[in-house]
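*Asks:* Please read through the structure below; I'll follow up with questions.
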Amino acid sequence: MINEDKLAKIITESIDNALNEMRLKEQIKSIVKECVEQIINEGSKKKKSSSSEIKRFFDKPGINNAQYAYKLAGVNPRHGKDTPEMKNARSLFAKKKSGFTDKFGNKYKFTPKELNRLTSLISNNRLSEGAEKPKNKKDK
């Protein structure tokens, strides 16, 4: 038979073990939460950085934004014609680049997928023609 001292000792050890386990779980939760927040913050910074870098690229003189707008929208520019699709692509691109707001107060911005596509187009120089505006009519 277990005497009272042994029983008290077993109970105390069980409680201590349970408390230690709870503390350990709380520490793990805290560490995981901190790591997740850090990852989210880093991703947010990268997104902002990528977006601002792209906007700076398109603000450079000589960059033909229209060609990138067409590629991003999947529009095939028709030489000599300014189709509604071409106009819409340029308009939407300009609004997103400038961060305009619509009549409801929603800000136009590039989606992460669009940012990735633009980054790819810029870095790989995939535009076959017209990445830069001609300096004068002789360059056309």
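Read the figures in this text as sums done on the coordinates, not as results from a lab. These numbers come from a predicted model, not from an experiment. Neighbour counts run over all protein chains shown; Cβ positions are idealised from the backbone, glycine included.
*Asks:* So what are the three principal axis dimensions of the stretch 4-87 from its Cα atoms, in whole Å, longest to shortest?
*Replies:* 99, 25, 11
*Asks:* Shifting gears a bit: Contour minus end-to-end for residue 21 and residue 34, with contour as 0.36 nm per residue of separation and end-to-end as the Cα-Cα distance?
*Replies:* Length gained, residue 21 through residue 34: 2.7 nm.
*Asks:* Moving to a separate point now. If the limit is 28 Å between Cα atoms, which of 71/109; 33/97; 29/55; 9/33 go over it?
*Replies:* 33/97; 29/55; 9/33
*Asks:* Which loop-located chymotrypsin sites (Phe, Trp or Tyr not before Pro) does the stretch 21-121 contain, where loop means any DSSP state but H, G, I, E or B and the Cβ has at most 11 other Cβ atoms within 10 Å?
*Replies:* 104
*Asks:* I would also like to ask the following. Can you list residues whose amide H is under 5 Å from residue 108's amide H, if they're 5+ apart or on another chain and H is modeled 1.01 Å from N?
*Replies:* So residue 108 has HN proximity to 100, 101, 102.
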